[in-house]
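Written out below as structure tokens is the structure these notes cover.
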């Protein structure tokens, strides 16, 4: 297994998994109970916050990143392909540092590779444009054959990077793209399938995962049962079958699927308790949304706002202010679909 892959431990493992599989199934903002974490709290807490993005004098987190970058990338950092690989580390760092994260990571690069920091940032900005293009054209790309999709992707790569495209998408990065495309095709087929049982779908999913990642630098993905099960539960065809079950049958099936994905009995039990908490929160949330609609119809102005504030406190207690801020931004968490096994 490549040591570059494990540069920042479990947290980067989780990000790499998301990057490898979730391009067409992006992570959702899931305040209603998702168990996806950015990484261990001890790692997250060590990313000291600084309003300007400057690195404080005492910051072991950035010291570790600088050390690992130099160790694993120092000898080849002048290559575009190496610079492109670092984008996963950037996104990991920015995920821990949502405010001024880009400036914070730039300062890390300046410490690790002062001669190449600006060039690396420009390479990453172009990669961001490419990834945004992938996301914006997701539906159109998924309708293409594998060869058509690959041709379209190469056209965009060369449009953005010119001759450097061949250097960036070579070796391991190109192999990663191919593995990602294979998993995306499998997920798309399973998502449309209505004539396979849940067990058959899971069996095919596991078969392709093993076939795709065994013996590669991303083989660690196969040990991420929790996250792999979340991807599986996100499929529309899976959710339809789970919706048709009684609550007890549904939980029993979710537990079985998690166990088959490699989660231990203790992990399955813990996730089942989380599912119960999520279900309770959704019940509360849906009751709130129903009463909220009645308040909107019955009251206006300040009286309406006062009623809504009381309603939020009644249903969410200390979280009422968070709900109010979300609604002010136009986000209503309980208008999203309830995805069994995820939120």
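The values are calculated or read from the model by the stated rules, or taken from the named source; none is laboratory data. Predicted model, so just to flag it, every value in this text is computed and none were measured. Note that we place each Cβ from the backbone using ideal geometry, even for glycine, and neighbour counts take in every protein chain shown.
Values as computed for the structure displayed
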{"quantity": "Residue 180 vs. criteria in contact (Cβ under 8 Å) with a residue 12 or more places away in the chain, crowded, with 16+ Cβ neighbours inside 10 Å and over 20 Å from residue 80 (Cα atoms)", "calculated": "yes"}
{"quantity": "Which numbered condition residue 72 misses (of (1) modelled with pLDDT under 85; (2) surrounded by fewer than 19 Cβ atoms within 10 Å (Cβ to Cβ); (3) closer than 27 Å to residue 165 by Cα)", "calculated": "(2)"}
{"quantity": "Unmet criterion (only one of (1) in contact (Cβ under 8 Å) with a residue 12 or more places away in the chain; (2) closer than 22 Å to residue 239 by Cβ) for residue 273", "calculated": "(1)"}
{"quantity": "Residue within the stretch 88-102 that is farther than 22 Å from residue 170 by Cβ, at pLDDT 85 or above, over 24 Å from the mean Cα position of the chain (by Cα) and surrounded by fewer than 20 Cβ atoms within 10 Å (Cβ to Cβ) present", "calculated": "no"}
{"quantity": "Matching residues in the stretch 196-222 - criterion: being within 19 Å of the chain's Cα centre (by Cα) and not in a loop (DSSP other than H, G, I, E, B)", "calculated": "205, 209, 213, 219, 220, 221, 222"}
{"quantity": "Criterion violated by residue 54 - all others in (1) in a loop (DSSP other than H, G, I, E, B); (2) modelled with pLDDT of 85 or more; (3) farther than 22 Å from residue 170 by Cβ satisfied", "calculated": "(2)"}
{"quantity": "Residue match in the stretch 111-124 (condition: out of contact with any helix residue (DSSP H, G or I) (no Cβ under 7 Å at 6 or more places or on another chain) and at positive phi)", "calculated": "no"}
{"quantity": "Entirely in the stretch 223-332, the helices (runs of 4 or more DSSP H) that have 2 or more residues that are in contact with a helix residue (DSSP H, G or I) (Cβ under 8 Å, 6 or more places away or on another chain) and on the phi > 0 side of the Ramachandran plot", "calculated": "none"}
{"quantity": "Residue 66 being crowded, with 19+ Cβ neighbours inside 10 Å, in contact with a helix residue (DSSP H, G or I) (Cβ under 8 Å, 6 or more places away or on another chain), under 18 Å from residue 125 (Cβ atoms) and modelled with pLDDT of 80 or more", "calculated": "no"}
